[in-house]
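What follows is a single structure, written as C-alpha cells, with notes after it.
The values are calculated or read from the model by the stated rules, or taken from the named source; none is laboratory data. No experiment lies behind these values; they were computed from the predicted model shown. Counting neighbours? That spans all protein chains shown, and the Cβs are built from the backbone with ideal geometry, glycine included.
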Amino acid sequence: MKIGIVLGRIGGVDGVALVTEKWIAVFKRMGHSISVLTGELEAKLPDVSVLSELAFSHPACVRAQEEAFESHEVEEAELLERLASEARQIEQGILSWMHNEAIELLITENSTTLPCHLTMGMALREVILQTGIPAVSHDHDFHWERGRRYETQYRGIQEIIDDCFPLDLPNLRHVVINHYSQELLQREREIASLVIPNVMDFETPFGVKDHVNDLLPESLGFDKDDILLFQITRIVRRKGIETAIELVERLQNQRVKMVVTGTAQDDFGSEYMDELCQKALDLGVEDQVLFAGDRFANLRKNQHKGPSVYSLSDAYAQAHACTYFSSYEGFGNAFIEALVARRPLFVNNYKPVYWSDIGAKGFRTVQIEDNQLTDEAVSKAHEVLHCADTRRDWSEFNFELGRTHFSYAILEEKLSLLLEPCTDLS
C-alpha cells in the first residue's frame, strides 16, 4: 500500500516527529511504501516533500495563532475569510502531492487533533471529506488537555476547532497514544479509537558508548570523574526541570552535574528558562547545571567550525541516569528511550498517563508523586548514581520489560490491526 503522512515538521527531536519516523520504519518493514508531506524538514530524510505553508513557523500560521488565541483585536469576518483562503491553498498543495504520489491511505500526525495549525486542519478536513480516501488521525494530544491555550473569543474560530480538532468523518479512524486519551475522546466527542503506545527499536543499539561520545563529557567542560545526570527533553514547563535542579542541590555532591539537552524554542517566551536559571542560582548549583541545547540534535552533526553537535543517543550513552519529572506527558518518549539505552530513570508519576500505561508494568525507577522530592527518593537516587551494580541491574531488568511492551514488534501488531479496517473503507 502507498501510505501518505502529513505533519508540520519532521527530522527533529520533538515527540510527534520522532514517533512518526518509527511508524515509517515499521510500515516499511511490513512492505508498505511511504511518502511524507511536511512544512519543515529538520534533517535529511528520504521520500519527503515540503509544503512550506504547513510549517508551524510559517508567517501565516504564526499570525493565525496570535489573532485566534491571543489578545489581539481583529475583525472576525476578515480573519475567517483569510483563514479560508489560506486553507484552500494548502488543500490544493496536499491534493497535488497525493495525486503525484498515488496515495492510497492518508495519515495525519496531530494535524487534525491539536489546533496549533488551523489552516492545515481545515485543509485536511476538506481533502479527506471530498476524496473519501481511507484516513487515520494519529492523535498525540487534544486541545482540552492544554488548559486555556486554545480558548478563543471568536465564535467562528471555535466552530473551526469543533469541526476539525479532532476531525470526525466516516472514512477516518483515530489512533491515540494512551488509554486516558481514548476515554476522553469517547467522552468528549463520542469517537472510538485504537490505543497504540509509543515504542522504540529494542533490536538496534542505542545509547552505546563509542570513541565519538567518549569525548562528550570533556567537550561540555566536565571532568572524567563527574557524575552526569541528563534531562533529555525540550525546555517546556510541564517537563518539571526545576525538580531535577532541586535534586542536584539535595544530593550535596559537587561531582553531580546535570545536562539539559533540549532548547526552549517551543515554549512561549523565555519565562520558564529564566526561572530555571534563577532557581539554579538560588540553590547554589549554577555551576552544576548546564543548558546545552545547542550541542545536541536528533543525529550527530559534523561542524567545520564550532563545537561538535552530539546525538540524543550520545547523550544517553554518557548519562549515569536520566531525570523525567514531567507533570504531564501524552505518553513518554524519553522514558522509553532510556529503557533502550539501559539508563536508570528518576520519574514523576505524571497523571493520568504514567502509572496506568507505563509504571504499573513494574519498571524499577526512583518515582516521586506530585513533583515532591522526599528524603527517601533523594537517598535512592544517591544510591543509583553511586552504585554501578544497581544501575546495571535496574537497567537490564527495565530493558527486557520494555522490549516486552514497547518494541517495534508490538507496533507492527497494532498497525496490522489498524490497516485492516482502513482498507475496508476504500
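With the checklist (1) under 23 Å from ASN348 (Cβ atoms); (2) surrounded by fewer than 18 Cβ atoms within 10 Å (Cβ to Cβ) in hand, flag the one item ALA321 doesn't pass. The number of the failed condition is (2).
Screening the candidates GLY221, GLY207 for the property of being assigned by TED's automatic domain parsing to the domain that holds ALA280, touching a residue at least 40 places away in the same chain (Cβ under 8 Å), not in a helix (DSSP H, G or I) and not β-branched (Val, Ile, Thr) yields one hit, GLY221. Scanning the stretch 226-252 for residues that are in contact (Cβ under 8 Å) with a residue 40 or more places away in the chain and closer than 18 Å to SER379 by Cβ returns ILE227, LEU229, THR243, ALA244, GLU246, LEU247, VAL248, ARG250, LEU251.
Here is a check on your reading of the model: is PRO115 closer than 24 Å to GLN186 by Cβ and either without any contact (Cβ under 8 Å) to a residue 40 or more places away in the chain or surrounded by 14 or more Cβ atoms within 10 Å (Cβ to Cβ) (or both)? Yes, satisfied.
Residue-level check: of (1) hydrophobic (A, V, I, L, M, F, W, C); (2) in contact with a strand residue (DSSP E or B) (Cβ under 9 Å, 6 or more places away or on another chain); (3) crowded, with 20+ Cβ neighbours inside 10 Å; (4) in contact (Cβ under 8 Å) with a residue 60 or more places away in the chain, ILE160 misses just (2). Within the stretch 349-385, the residues that satisfy the criterion of being without any contact (Cβ under 8 Å) to a residue 12 or more places away in the chain and under 15 Å from ILE336 (Cα atoms) are TRP355, ALA360.
From the list LEU37, LEU79, LEU7, the one residue that fits, being assigned to a helix (DSSP H, G or I), among the aliphatic types (A, V, I, L, M), modelled with pLDDT of 95 or more and crowded, with 16+ Cβ neighbours inside 10 Å, is LEU79. Filter the stretch 333-371 down to residues that are within 18 Å of ALA321 (Cα to Cα) and basic (Lys, Arg), then give me how many there are. Number of matching residues: 3. Taking the stretch 266-286 as the range and being in contact (Cβ under 8 Å) with a residue 12 or more places away in the chain and farther than 24 Å from SER379 by Cβ as the test, the residues that pass are ASP266, ASP267, TYR272, MET273, GLU275, LEU276, CYS277.
A Cβ distance below 9 Å, combined with a sequence gap of six or more or placement on separate chains, defines the contacts here; from the stretch 77-98, residues that are in the same structural domain as PHE56 (by TED's automatic domain parsing) and closer than 20 Å to ILE128 by Cβ reach residues that are polar (S, T, N, Q) and surrounded by fewer than 18 Cβ atoms within 10 Å (Cβ to Cβ) in the pairs GLU91/GLN130; LEU95/GLN130; LEU95/THR131; TRP97/SER49; MET98/THR131. Just so you know, in the stretch 36-64 the residues that are in contact (Cβ under 8 Å) with a residue 24 or more places away in the chain and over 21 Å from the mean Cα position of the chain (by Cα) include one that is nearest to ILE94 (Cα to Cα), and it is LEU51. Of the residues making up the stretch 51-76, those that are crowded, with 16+ Cβ neighbours inside 10 Å and either of a type in the set (Ser, Thr, Tyr) or closer than 24 Å to LYS2 by Cα (or both) number 4.
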